[in-house]
């Protein structure tokens with residue numbers, strides 16, 4: 001290699017450098033002298049590794065012309081050319097320096113070259129090709145040591161959003177505060193990633209007057225028949241008032257007749273016009289499609305296997321069954337009286 005820039009006060013400005021240029025040259029000469037005299041190879045190898053690592057930090061803080069072997073050496077001093085294979089060029093302004101051999105791999109391309117350290121495998125230099133010469137350029141200053149972050153949120157994201165129990169288990173291996181783990185509960189990604197389905201909206205009153213919207217559903221069969229042989233019941237809930245009507249049934253096929261009778265009852269007794277009926281996908285409701293079209297009633301069906309969309313009537317089911325069991329336990333009546341508890 002041949003230097004293209006001066007080295008005055010370079011060692012004082014470079015924060016990465018461990019040795020000055022003169023110290024590196026003296027160390028390199030001593031190593032080569034020991035190697036040529038046949039001294040201890042182990043000492044030479046260890047010293048060479050130290051010199052190479054220190055020299056790498058120093059050498060590539062300046063610009064250099066890399067000799068690819070396809071050109072001749074040249075220098076501006078005639079005395080230097082007598083000791084080497086360099087050509088004497090009187091007007092050459094390049095400085096000469098005696099440099100130790102780098103244990104590296106050089107990859108030449110038509111547009112530049114890259115140097116890789118054989119010991120570590122990392123890139124230690126790069127250059128560009130210009131006028132047949134490969135110019136090496138200084139590497140960016142990487143003297144600042146990377147700091148390990150102690151931010152709990154950052155480690156929570158790096159580890160794939162683990163639970164608080166996993167963070168506490170790994171706290172002994174991570175630079176995080178255990179006290180912060182106990183109060184860490186503000187991640188908005190965890191509920192979205194770990195829930196089985198999106199949350200359903202809260203049930204609210206969507207109608208503006210009674211009987212505008214009705215919620216209907218069928219419950220049963222019960223394993224124990226009532227004294228009258230009933231095992232099903234139809235429930236109708238008004239969306240506006242939450243008033244509930246319950247009809248016991250022997251068979252689910254009675255649903256159509258009971259629902260048609262209730263619609264006529266609401267029209268005659270309350271002068272109300274039912275606009276919408278919300279049901280599930282039971283065949284008993286689907287078979288009434290023509291009746292709903294004739295009466296001008298909109299039939300809203302929920303998605304398949306999604307009873308949460310019909311939450312008004314589902315919660316009413318749970319309330320009625322809980323009340324029925326409480327009355328039966330209180331009165332010490334047998335189970336066949338469950339129909340009378342309604």
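Please give the number of the condition residue 200 fails out of (1) more than 22 Å from residue 319 (Cα to Cα); (2) part of a loop (DSSP other than H, G, I, E, B); (3) at pLDDT below 90.
Of the numbered conditions (1) more than 22 Å from residue 319 (Cα to Cα); (2) part of a loop (DSSP other than H, G, I, E, B); (3) at pLDDT below 90, the odd one out for residue 200 is (1).
Does the stretch 292-301 include one or more residues that are assigned by TED's automatic domain parsing to the domain that holds residue 240, over 19 Å from residue 237 (Cα atoms), more than 52 Å from the chain's Cα centre (by Cα) and assigned to a helix (DSSP H, G or I)? Even if it seems obvious, please write down each step before you answer.
Within the stretch 292-301, the first condition is being assigned by TED's automatic domain parsing to the domain that holds residue 240, and the residues that meet it are 292-301.
Filter again for over 19 Å from residue 237 (Cα atoms), leaving 293-296.
Add one more test, that the residue is more than 52 Å from the chain's Cα centre (by Cα), and what stays is 294-295.
Then keep just the ones that are assigned to a helix (DSSP H, G or I); that gives 294-295.
Yes.
State which residue pairs qualify: first residue surrounded by 15 or more Cβ atoms within 10 Å (Cβ to Cβ) and inside the stretch 206-224, second residue at pLDDT below 90 and assigned to a loop (DSSP other than H, G, I, E, B) in any location, beta carbons under 6 Å apart, and separation of 6 or more residues or different chains.
Taking only residues 6 or more apart or on different chains, the pairs are 213/207.
State the number of residues belonging to the stretch 249-271 that are within 20 Å of residue 231 (Cα to Cα) and surrounded by fewer than 12 Cβ atoms within 10 Å (Cβ to Cβ).
Of the residues in the stretch 249-271, the ones within 20 Å of residue 231 (Cα to Cα) are 249-259.
This time we only want the ones that are surrounded by fewer than 12 Cβ atoms within 10 Å (Cβ to Cβ), so: 257.
Count: 1.
Residues are listed down the side, and each one gets a yes or a no for (1) under 28 Å from residue 265 (Cβ atoms); (2) out of contact with any strand residue (DSSP E or B) (no Cβ under 9 Å at 6 or more places or on another chain); (3) modelled with pLDDT of 90 or more; (4) surrounded by 17 or more Cβ atoms within 10 Å (Cβ to Cβ):
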{"residue": "278", "(1), (2), (3), (4)": "yes, no, yes, yes"}
{"residue": "283", "(1), (2), (3), (4)": "yes, yes, yes, no"}
{"residue": "290", "(1), (2), (3), (4)": "yes, yes, yes, no"}
{"residue": "294", "(1), (2), (3), (4)": "yes, yes, yes, no"}
{"residue": "299", "(1), (2), (3), (4)": "yes, no, yes, no"}
{"residue": "304", "(1), (2), (3), (4)": "no, yes, no, no"}
{"residue": "318", "(1), (2), (3), (4)": "yes, yes, yes, no"}
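With the stretch 86-186 as the region, which strands (runs of 3 or more DSSP E) entirely inside it contain at least 3 residues that are under 20 Å from residue 66 (Cα atoms) and modelled with pLDDT under 55? Full working, then the answer.
Numbers: elements: 86-88, 104-108, 112-117, 123-130, 133-136.
By residue number, 86-88.
Out of the residues in the stretch 185-205 meeting the condition of being within 20 Å of residue 307 (Cβ to Cβ) and in contact with a helix residue (DSSP H, G or I) (Cβ under 8 Å, 6 or more places away or on another chain), tell me which one is surrounded by the fewest Cβ atoms within 10 Å (Cβ to Cβ). Spell out how you get there, then give the answer.
If we filter the stretch 185-205 for residues that are within 20 Å of residue 307 (Cβ to Cβ), which is where we start, we get 195-205.
Restricting the remaining residues to those that are in contact with a helix residue (DSSP H, G or I) (Cβ under 8 Å, 6 or more places away or on another chain) gives 200, 203.
Values: 200: 10, 203: 15.
Among those residues, the one meeting the criterion is 200.
Kindly establish whether residue 269 is farther than 23 Å from residue 320 by Cα and without any contact (Cβ under 8 Å) to a residue 60 or more places away in the chain. Give the derivation first.
Numbers: farther than 23 Å from residue 320 by Cα: yes; without any contact (Cβ under 8 Å) to a residue 60 or more places away in the chain: yes.
Yes: the conditions hold for residue 269.
The values are calculated or read from the model by the stated rules, or taken from the named source; none is laboratory data. On a predicted model such as this, the values are computed, not experimentally measured, just so you know. Heads up, the Cβs are rebuilt from the backbone with ideal geometry, glycines too, and the neighbour counts pull from every protein chain shown.
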